[in-house]
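What follows is a single structure, written as structure tokens, with notes after it.
Each value in this text was obtained by applying a stated rule to the coordinates, not by laboratory testing. All figures in this text were calculated on a predicted structure; none of them were measured in a lab. All Cβ positions, even for glycine, are placed from backbone atoms using ideal geometry, and neighbour counts span all protein chains on display.
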Amino acid sequence: MPNSSSSAQNEKLMGALAYLAGPVTGIIFLLMEKENKFVRFHAMQSTLVFGALWLLTIILGIIPVIGWIVGLIISPILTIGGLILWIVLMFKAYSGEKFKVPFFGDLAEKQLAKLGK
């Protein structure tokens with residue numbers, strides 16, 4: 001039987017790993033973890049934040065001419081900003097903090113409430 005400190009460390013690690021591959025690992029952890037609210041929150045937030053960034057990047061790439069021009073300017077900003085956000089979120093989760101990204105953190109909590117966990 002694991003002691004509470006190893007369980008807490010495992011929870012922090014799982015929270016951080018939920019961000020590892022963005023929405024992919026977010027969805028995997030949502031499906032795997034049914035009880036731990038900390039892990040589920042980070043998994044849902046990862047899914048929403050990085051899913052939205054991924055979708056925005058695709059939309060900018062699809063829109064003819066204007067989307068491509070805007071995409072050339074915004075894409076590097078999204079990439080660098082996304083990388084920094086990814087590192088911060090993984091660090092915060094591994095530190096045991098329930099850090100909420102504006103808008104997405106509240107949305108993640110609402111979605112988890114709808115799922116009943």
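Normalising the average separation of contacting C-alpha pairs (under 8 angstrom, six or more residues apart) by the number of residues puts the relative contact order of the chain at 31 percent. Sites counted here are GluC sites (Glu not before Pro) in a DSSP loop (not H, G, I, E or B) having no more than 14 other Cβ atoms within 10 Å; the longest part of the chain that contains none of them is 36-96. The Rg/Rh ratio of the chain, with both radii computed over alpha carbons and Rh defined as the Kirkwood radius, is 1.06.
Within the chain, which whole H helices from DSSP have a Cα span along their axis of at least 30 Å and a mean Kyte-Doolittle hydropathy of 1.0 or more, if any? Membrane-span-like by this rule: 37-62, 66-94. Using a Gaussian network model of the chain in which every pair of alpha carbons under 10 angstrom is joined by a spring, one finds that among Leu89, Leu56, Leu30 the greatest mean-square fluctuation is at Leu56.
Just flag the chymotrypsin sites (Phe, Trp or Tyr not before Pro) in the stretch 52-117 sitting in loop per DSSP whose Cβ has no more than 12 other Cβ atoms within 10 Å. Numbers along the way, then the final one.
Values: sites: Trp54, Trp68, Trp86, Phe91, Tyr94, Phe99, Phe103, Phe104; in loops: Phe99, Phe103.
Hits after loop and neighbour filter: Phe103.
The trypsin sites (Lys or Arg not before Pro) of the stretch 15-73 meeting both criteria, a DSSP state outside H, G, I, E and B (loop) and at most 10 other C-beta atoms within 10 angstrom of the site's C-beta, are Lys34.
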